[in-house]
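Okay, structure first, notes after.
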Number of protein chains: 2
Amino acid sequence: MSPKITTELLKQLRQVMKNPRYVQEPVQAYIVPSGDAHQSEYIAPCDCRRAFISGFDGSAGTAIVTEQHAAMWTDGRYFLQAAHQMDSNWTLMKMGLKDTPTQEDWLVSVLPEGSKVGVDPFIIPADQWKRMSKALRSAGHDLVPVKENLIDTIWTDCPQRPCKPLITLDLSYTGVSWRDKIVALRSKMAERKVMWFVVTALDEVAWLFNLRGSDVEYNPVFFAYAVIGMNTIRLFIDGDRMMDPAVREHLQLDSTLEPEFKIQVMPYGSILSELQAVGAGLSPKEKVWLSDKASYALTEAIPKAYRYLTPYTPICIAKAVKNAAETEGMRRAHIKDAVALCELFNWLEKEVPKGTVTEIVAADKAEEFRSQQKDFVELSFATISSTGPNGAIIHYKPVPETNRTLSVNEIYLLDSGAQYKDGTTDVTRTMHFGTPSAYEKECFTYVLKGHIAVSAAIFPNGTKGHLLDSFARSALWDCGLDYLHGTGHGVGSFLNVHEGPCGISYKTFADEPLEAGMIVSDEPGYYEDGSFGIRIENVVLVIPAETKYNFKNRGSLTFEPLTLVPIQTKMIDVNLLTEKECNWVNEYHRRCREVVGAELERQGRHEALRWLLRETEPLARVQ
Amino acid sequence: MSPKITTELLKQLRQVMKNPRYVQEPVQAYIVPSGDAHQSEYIAPCDCRRAFISGFDGSAGTAIVTEQHAAMWTDGRYFLQAAHQMDSNWTLMKMGLKDTPTQEDWLVSVLPEGSKVGVDPFIIPADQWKRMSKALRSAGHDLVPVKENLIDTIWTDCPQRPCKPLITLDLSYTGVSWRDKIVALRSKMAERKVMWFVVTALDEVAWLFNLRGSDVEYNPVFFAYAVIGMNTIRLFIDGDRMMDPAVREHLQLDSTLEPEFKIQVMPYGSILSELQAVGAGLSPKEKVWLSDKASYALTEAIPKAYRYLTPYTPICIAKAVKNAAETEGMRRAHIKDAVALCELFNWLEKEVPKGTVTEIVAADKAEEFRSQQKDFVELSFATISSTGPNGAIIHYKPVPETNRTLSVNEIYLLDSGAQYKDGTTDVTRTMHFGTPSAYEKECFTYVLKGHIAVSAAIFPNGTKGHLLDSFARSALWDCGLDYLHGTGHGVGSFLNVHEGPCGISYKTFADEPLEAGMIVSDEPGYYEDGSFGIRIENVVLVIPAETKYNFKNRGSLTFEPLTLVPIQTKMIDVNLLTEKECNWVNEYHRRCREVVGAELERQGRHEALRWLLRETEPLARVQ
């Protein structure tokens, strides 16, 4: 992978930063955030502005270009990747390391006095604007909104914004109709005494209306906003997808409905002016509810006194707690996913020794097996198929320049998942197709101990997930090891593979408490730059736990693994496991056998079944 | 303990809330925070305004009085105590429970439209003012500073502000001279480009000048402020204590000094006007550094554009990392403290069966034994001497009305500590002088497992203490148990027994990373209302840890117990301990024997030595 040459682009950008056609006054710095106008993590090609200007295409990163400098902030998952993809015009700012300046501090240190810092107000979240603006102001600079996106002005071959057909989901998938979701939302609005709710996140629009799309790769969402009043529903969406009879029927667009359930369809681009009209027409005490991560542009459309901002919207919180239909769907999806992976690993085991399987071939094969499963829609993220040193690049994606051949001498890490109509999967397994070294087994076993420590944890109702993060690290810490990423993220139900408001990460404090029905990943790892990467990831469901006592009647919770793919016992140093951990592995493998075995049998996949049976033989602990 | 009758007082307060002599406009609510003008946790009698108005005298709590209501917010440590001490005029707001409203939300729910909420601007920290003011404003109310403290206007027999003599500490105790501390502070100021630093916390003033006082019980501090410029030092302090030749010599008040080390002594009460003068004379870019917890009054004295606010001051951070002289002092203090407690427990063992030892007698006896030790100054907090159900009142202090007699049938919990000239101690032991029940032993053992999990934890350099909190709870959680307080707090060196910026608590996110030399407590517990309380607390020193590997060369840390008092083995269910935990207890007891045994021998305390030897017999695990 050679870095993108950005000298010419940066020159052009620096020119438009001074061009009165685009900026009222010259800006001395321009911020290019990661997201789109919906603060999405996964974005459409037309929104990949940061990747365009810098070459770095990881999922998280913020670029800032000044007259003299170009700097990129990203986190531990992407240090290696960013360093590879960016040319020497760029300085990599490693977030999370002690000496890395914040964007604000860095700007203050490099800007000439009284500078203007520009940013697209549709792309920057309001909370970030506020923080950045305050820090700059206190140092004598100004953060200014630049209406026209300056990257777009120099991006001559920028792709069009996608506008693909929609999928409607019936009650058997969603458990709750969109009408009932609107009713529940309005009751939350009444509780907080707000009159309007603005839906800005794409997955929240999709969830609310029980619709899915394919405007953004991997995430089954579509470009839309919604504004929900106590008596009105406005959906801002483009294209002829509203002409689809199935969609019209689903949304009851042509039915005679009570007015409060009548959906008004409006052009996507009219959200700002419509919201400004809402803002202008508010009477005192009529509040408008927005996420504090909504764009600065939309937030500003509502006068400050009328805004009700929360870090998590009621939709985000409701969406996170899966109902019975969604949970059952997630279970089915994970069984199908396990079938595909049993097929894959059985195939890899035979093919790898031949020296013909590259990372890309393996990733394609994984997709092929998944696509054979019922209700498969697409992958849920770019498959991380990495062997040897590539495994240490935490969010690696194989491309021809880096594509490595799997061998019996290197560890192979596969982090992959799919969107099925009934659920979203995300699983990581780390395998060795030869004989792992004692050191590799040792590291793998520490990671496994961390995985089990979280998965088997029992904790009081109302515990925030971030309080479990250290459990995943304890065994690694004991030996002086660690990993530079969080331990888990929320997972959507046929929706985004990363979703809030819960997770398991030391980086977050403001996560919502875990409750039964929430679904998160459990994925500790260990990475050695230049050598190998290890990660063990299951998607787990929060369930009530039975405990001997019940302090203050709070009740307890624990996790049930939804992912049912064998963990390679060859990689385990059994002597490092406690009896309890050993039993956990054996019980997990027993469930894989029972549940996935039955499905392999049903699908007539006998060779994969034999592989499963062999891989799920109980561990025997030498005492 | 009968509650304080507050009907008449509340009536008087409500009158002055409308009295134009004290308020420009009537205030519909008045906030009475816990702290003093220095945001101290422990306060002088003249500052106990919240206790005066409500009767609740725990260390944390905020009272709000409106025309109709009186409400008290406090945390889990004080739920029972507050309920006992307050009469029916008061509503107890249990912080940390799901359905408890915040002060802001509650105010908004009870106030009539357009209300004014008053507070003493010297008592409310600036950060709290900001949050509260914003929330009230967005609901149409106003937070207003009321210059005269309204409690003081109705508190006819309010005691005088204390003004006791000072103690000077030489290099053998402090390790660093006050001059060198000023030099270090100025270099931190230069780094951040600030010209002035305002010292508002009493322990920070004391630490900076290597002085101690006794204006506040338990905390060896004195009422003072300091304002440090790049070339000036101003100390705001009252009374004739500056006449003391030892103090004059220590501060070199009569020596010919370089001007930048010449201390200008000014009246305590002149801080506001002096600071306003500083604020008025600032040129652009001349910043003034304050804690964001400094009072609203002092913060407002500096125009907003010139303020540099941080959650922790450079003094707070420097003070937390103990140097070799301080660490050695703390070690000595803890050995002396252990000697006193060995004497006490030996004495209790003989006396308790006679039925003559009450909680107060035991607490007094503990103080008596401590006062026999060299350099003893005073206790470091009110001794928590509690037996049976009183043990469940987390910050219980025995008073005649509640005073219970120790017996061989109930658990006894003693949480106590002292100030010695060389260090501060804080230790909790839970004992049974008869035969504990299986359930009591079970709970004790879970608490012990939590204590060990923290104490023996190995974690990377730079880890924040709050990430270790769950380790202390894991064994309790497994059985559905928990405790409603944090696990540890920073401990000063002959200073406040609670100090920032580090700690071990799930409630904090903004603690500073742990580093070698920091000293914190490790004190998990378990409490059953109406039955018993268990807590096991050691003060521990952060030290470098040796590990097998060293990821990213970050280095690892662990804890070394400074407290060396036996943990009652009679209370331990050995079968619930792992081998590692069992070894930890045995090694801990071996060190108690070795170190404290030698000191008992030296002091000729042979009976207590025999007690120590018996109590530190190794545990034998039945496999």
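The values are calculated or read from the model by the stated rules, or taken from the named source; none is laboratory data. Remember, predicted model here, so these are calculated numbers, not experimental data. Cβ placement follows ideal geometry from the backbone for every residue including glycine, while neighbour counts extend to all protein chains displayed. When the accessible area is computed, the model is the full protein with side chains, heavy atoms only, and any ligands, DNA or RNA have been set aside. Shrake-Rupley method; radii C 1.70, N 1.55, O 1.52, S 1.80 Å.
Data overview
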{"quantity": "DSSP bridge pairs, region B:167-319: antiparallel proportion in percent, nearest 5", "calculated": "50"}
{"quantity": "C-alpha center-to-center spacing [region B:240-319, region A:306-344] in angstrom", "calculated": "55"}
{"quantity": "Cross-link partners of B:Lys336 among lysines (Cα-Cα below 24 Å; sequence separation of 8 or more within a chain)", "calculated": "B:Lys319, B:Lys322, B:Lys350, B:Lys365, B:Lys374, B:Lys397, B:Lys421"}
{"quantity": "Computed over chain B, Cα set: Rg, Dmax in Å", "calculated": "24.9, 76"}
{"quantity": "DSSP beta bridge pairing in chain A, given as percent antiparallel to the nearest 5", "calculated": "70"}
{"quantity": "Whole-Å distance, taken between Cα centres, linking region B:454-528 and region A:551-612", "calculated": "34"}
{"quantity": "Trypsin sites (Lys or Arg not before Pro) restricted to DSSP loop in region B:121-187 with at most 14 other C-beta within 10 Å", "calculated": "B:Lys147"}
{"quantity": "Percent accessible area from carbon and sulfur atoms, the protein assembly as shown, protein chains only, probe 1.4 Å", "calculated": "52"}
{"quantity": "Span-rule helices in chain B, defined as complete DSSP H runs reaching 24 Å or more along the axis (Cα) with Kyte mean at least -1.0", "calculated": "B:324-351, B:438-455"}
{"quantity": "Relative contact order computed over region A:6-153 (Cα-Cα under 8 Å; 6+ residues apart), in percent", "calculated": "26"}
{"quantity": "Whole-number D in µm² s⁻¹ for region B:167-319, Kirkwood Cα-pair radius fed into Stokes-Einstein, 37 °C, 0.692 mPa s", "calculated": "208"}
{"quantity": "Alpha carbon convex hull of region B:321-615, projected area averaged over orientations, nm²", "calculated": "14.8"}
{"quantity": "Highest average packing first - B:83-91, B:529-537, Cβ atoms within 10 Å", "calculated": "B:529-537, B:83-91"}
{"quantity": "Region B:167-319 - charge dipole about Cα centre, Lys and Arg +1 at Cβ, Asp and Glu -1, debye rounded to 20", "calculated": "700"}
{"quantity": "Nm distances between copies for B:Lys304, ranked from closest, using label points 7 Å along Cα→Cβ", "calculated": "0.8"}
{"quantity": "CD proxy at 222 nm, helix term only [per DSSP H run n ≥ 4: -39500 (n - 2.57); per residue of chain A; nearest 500]", "calculated": "-9500 deg cm²/dmol"}
{"quantity": "Isotropically averaged projected area of the protein assembly as shown, using the convex hull of Cα atoms (one quarter of hull area), nm²", "calculated": "49.1"}
{"quantity": "Other-copy label distances relative to B:Ala620, 7 angstrom Cα-Cβ extension, nm", "calculated": "3.3"}
{"quantity": "Karplus-derived 3J(HN,Hα), 6.51/-1.76/1.60, for each residue of region B:459-468, Hz, glycine and proline x", "calculated": "8, x, 2, x, 6, 7, x, 5, 6, 9"}
{"quantity": "10 Å Cβ neighbours from other chains, averaged over peptide A:455-466", "calculated": "3"}
{"quantity": "Ordering of B:225-232, A:252-259 by burial proxy (mean other Cβ atoms within 10 Å per residue, highest first)", "calculated": "B:225-232, A:252-259"}
{"quantity": "Chain A, closest residue to the rotation axis toward B, by beta-carbon, whole angstrom", "calculated": "A:Phe509, 2"}
{"quantity": "Relative contact order [Cα under 8 Å, 6+ residues apart], chain A, whole percent", "calculated": "11"}
{"quantity": "Over region A:83-218, relative contact order from alpha-carbon pairs under 8 Å, at least 6 apart, %", "calculated": "20"}
{"quantity": "Inter-part distance where region A:121-178 and region B:358-403 are each reduced to a Cα centre, Å", "calculated": "60"}
{"quantity": "Pseudo-label separations to other copies for A:His69 - Cα-to-Cβ vector, 7 Å, nm", "calculated": "5.0"}
{"quantity": "Three-way shape label, region A:303-418, alpha-carbon gyration tensor, a/c 1.5", "calculated": "oblate"}
{"quantity": "For region A:111-214: rounded, prolate or oblate by the Cα gyration tensor [a/c cutoff 1.5]", "calculated": "oblate"}
{"quantity": "Shielding score for A:482-494, defined as the mean number of other chain Cβ atoms within 10 Å", "calculated": "1"}
{"quantity": "Region A:6-153: C-alpha pair distances exceeding 26 Å, %", "calculated": "16"}
{"quantity": "Cα gyration tensor shape for region A:361-462, rounded if a/c is under 1.5, else prolate or oblate", "calculated": "oblate"}
{"quantity": "Per-residue average of Cβ from other chains inside 10 Å of A:541-549", "calculated": "3"}
{"quantity": "Distant-in-sequence amide H partners of A:Ser556 (H built 1.01 Å from N, under 5 Å)", "calculated": "A:Asn461, A:Ala545"}
